[in-house]
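In what follows, a single structure is set out as structure tokens and then discussed.
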Amino acid sequence: MSRRILVTGASVAGCTAAWWLTRFGFEVDVVEKAPAFREGGQNVDVRGSAREVLRRMGLEEAAFERSTPELGTEWVDEDNNTIARFEAGATGSDNAPTAELEIRRGDIARLIYDAARERASFRFGDSVAAVSQDDVGAEVTFKGGEIARYGLVVVAEGVGSHTRELLFPGENQPRWMDLMIAYFSIPRQSHDTDYARVYNTVDGRGATLKPSRDGLLGAYVGIHKKPEGEQDWSPAQQRQYMLDQFAGDGWEFPRILEVMKDVDDFYFDVLRQVHMPRWSNNRVVLTGDAAWAPSPLSGIGTSLAIVGGYVLAGEIAKQADIASALDRYEKVMRPLVKEGQNVPKIVPRMLWPHNALELMLMRGAMRIAGTPLVKKAFSSAFARDSNRIELPDYTNQMSA
């Protein structure tokens, strides 16, 4: 096939795929609808096989240098008294509420992007308008008016991917997780520690404050409820809704809401998974959240994005034809994606109480879970197994 490949989406999955594809000798264009590279974002975990991919890229050490100072996770009450504590790495594995490599989404994406743009070409403020395929390639029309031909189009966009819906209309069967979360940053204060603090109150409401870099905390304010189309509201409506829902609450909410009113990095998400019966169609292939978003509840979304981009690029470089490469890519990745999406909906229901009795029972259960005999089993329930596959080695496919 043509050695020219288009990647749509300049976040973790797209930049990882672009890095490896260029190292395998392909000419790669990356298009991103955002006007500039997106910084910031919530803290994410990088676990297991994904860390090995970063190691093979020569980026693991740099990722640890940018990691957050988070030592673990605490569940707390209204006065910030600790109900249960789970230290990072204390269970002898990387399956815990806090991974050994915890980093802001924008920081890990920036690290891979800076490495990828040494060889790949990036264009921001544009997106795919139409794709016409034949047996040997795809003609892409961009919203900016340009028309270009590629041997393959890699769709590495987010959970609500426009290009996926354009090229695989109606195929996604989303699994809604009955949880909405607003993410943003707030200034750190003197009483904040290097443990993430999780607090819940009644009516399915709660929040988490996670230590970040540069004197900031990551704030995650959430509500457990059935979705009612909130993902389609304007950002102003979403922000006001969250402000109204938590008005008058105690704990750290007065401080959190005051910042939420005007913060620049406010992001709102109604959590759902992407379930696609296929990830490719002739000369178009999906990867990352566009293919399989497991939701932030899995603790493995970023790891899947890194491993997926690597495996996709490696199989394209290794196999004799594109059909075989995309078939093999699915066979390698499906077990890991299945593991990542295996998040029982009962978990958020149990951890986000709706009345005083449920809150009391949840806190009692957390106290038991925080004891030495139970801690390891409880911690392992927070992250899917990121070593579910034996990571293929494609490094012998790399060009000079």
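Values in this text are rule-based calculations from the coordinates and carry no lab data. Worth saying up front: this structure is predicted, and the values here are computed from it rather than measured. Virtual Cβ from ideal backbone geometry, glycine too; neighbours counted across all protein chains shown.
Summary of computed values
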quantity: Residue of ALA356, ALA18, ALA120 that the Gaussian network model of the chain assigns the largest fluctuation, springs spanning Cα pairs under 10 Å; calculated: ALA356
quantity: Surface/4 estimate of mean projected area, convex hull on alpha-carbon atoms of the range 145-239, nm²; calculated: 10.5
quantity: Segment ARG255-ARG3, extension gain: residue separation times 0.36 nm, minus the distance between their alpha carbons; calculated: 85.4 nm
quantity: Per-selection Kirkwood Rh - the range 122-181 (Cα, Å, 1 d.p.); calculated: 13.4
quantity: Per-residue Cβ neighbour rank within 10 angstrom, fewest leading, PHE168, PHE124; calculated: PHE124, PHE168
quantity: Residues LYS261, LYS143, LYS225 arranged by fewest to most Cβ contacts within 10 Å; calculated: LYS261, LYS143, LYS225
quantity: For the chain: lysine pairs under 16 Å (alpha-carbon distance), excluding those fewer than 8 apart on one chain; calculated: 4
quantity: ALA323 paired with LEU357, simple spin-label distance in nm, labels 7 Å along Cα-to-beta-carbon; calculated: 6.1
quantity: Beta bridges by DSSP in the chain, antiparallel share as percent, to the nearest 5; calculated: 70
quantity: Residue of GLU252, GLU339, GLU87 that the Gaussian network model of the chain assigns the largest fluctuation, springs spanning Cα pairs under 10 Å; calculated: GLU252
quantity: Structure-derived semi-axes √(5λ) of the Cα gyration tensor in Å - corresponding label in (i) 77, 27, 22; (ii) 33, 24, 21; (iii) 37, 23, 19; calculated: (iii)
quantity: Projected label distance in nm at ILE147 and TRP233, using a 7 Å step from Cα toward the beta-carbon; calculated: 4.3
quantity: Charge context of GLN238, other residues only, Cβ under 12 angstrom, K/R +1, D/E -1; calculated: -3
